[in-house]
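Okay, so here's the structure we're looking at.
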Amino acid sequence: MSDNGLNDLTEFHWMMDMLQTVDVGLVVLDKTFHVKMWNGFMESHSGLLPSQVRDKMLFKLFPDINRKWFMSKTKPVFELKNRAFIIWEQRPYLFKFPNYRPITGSEDYMYQNITLAPLVGTTGKVDNICMMIYDVTDIAASKKLLESSQVTLSEIAERKYN
């Protein structure tokens, strides 16, 4: 093997390792919503191994996901090659994962922001999409606490001046 080939193989190995260890969920879905890739983040939080989910339909694995709604979110990703976003303020989570900080955390479930990105194949068509799932539980809990504190302060101020 040439030095370039060895370097390419080493680089590929690093990239695969990064995909498995990054603190972001990565899921690749085909047009029929079958799982093609499932990284370590997803395995850790779902308890499902990649071998258990590969080639299985997302909606059978996670029946709580609203199929019609999710398909409408992915339609422009597949058809227009546009990214789409799901933010926790609109929908707290797509995957009902438990909060993995149960002692320090005040929330029962992981709040998630999700990016849906097109994966353009060699034909120029989008046959797969990548879901990137970000844990934003700390941000959501802080914002909820801030809003609650603002309501409390408003109530105190209202009582004081009435």
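Every number here is computed from the coordinates shown, using simple stated rules; none is lab data. On a predicted model such as this, the values are computed, not experimentally measured, just so you know. When we count neighbours, we look across all protein chains shown, and the Cβ atoms used for this are built from the backbone with ideal geometry, even at glycine.
Things worth noting here:
- Equivalent ellipsoid of the range 3-137: semi-axes from √(5λ) of the C-alpha gyration tensor, largest first, are 25, 21, 14 Å.
- Taking Lys and Arg as +1 and Asp and Glu as -1, the other residues whose beta-carbon sits under 15 Å from that of N82 total +4.
- Cβ-defined net charge surrounding F62, 12 Å radius [Lys, Arg +1; Asp, Glu -1]: +3
- Seen from K144, the other residues with C-beta closer than 14 Å to its C-beta sum to a net charge of -4, counting Lys and Arg as +1 and Asp and Glu as -1.
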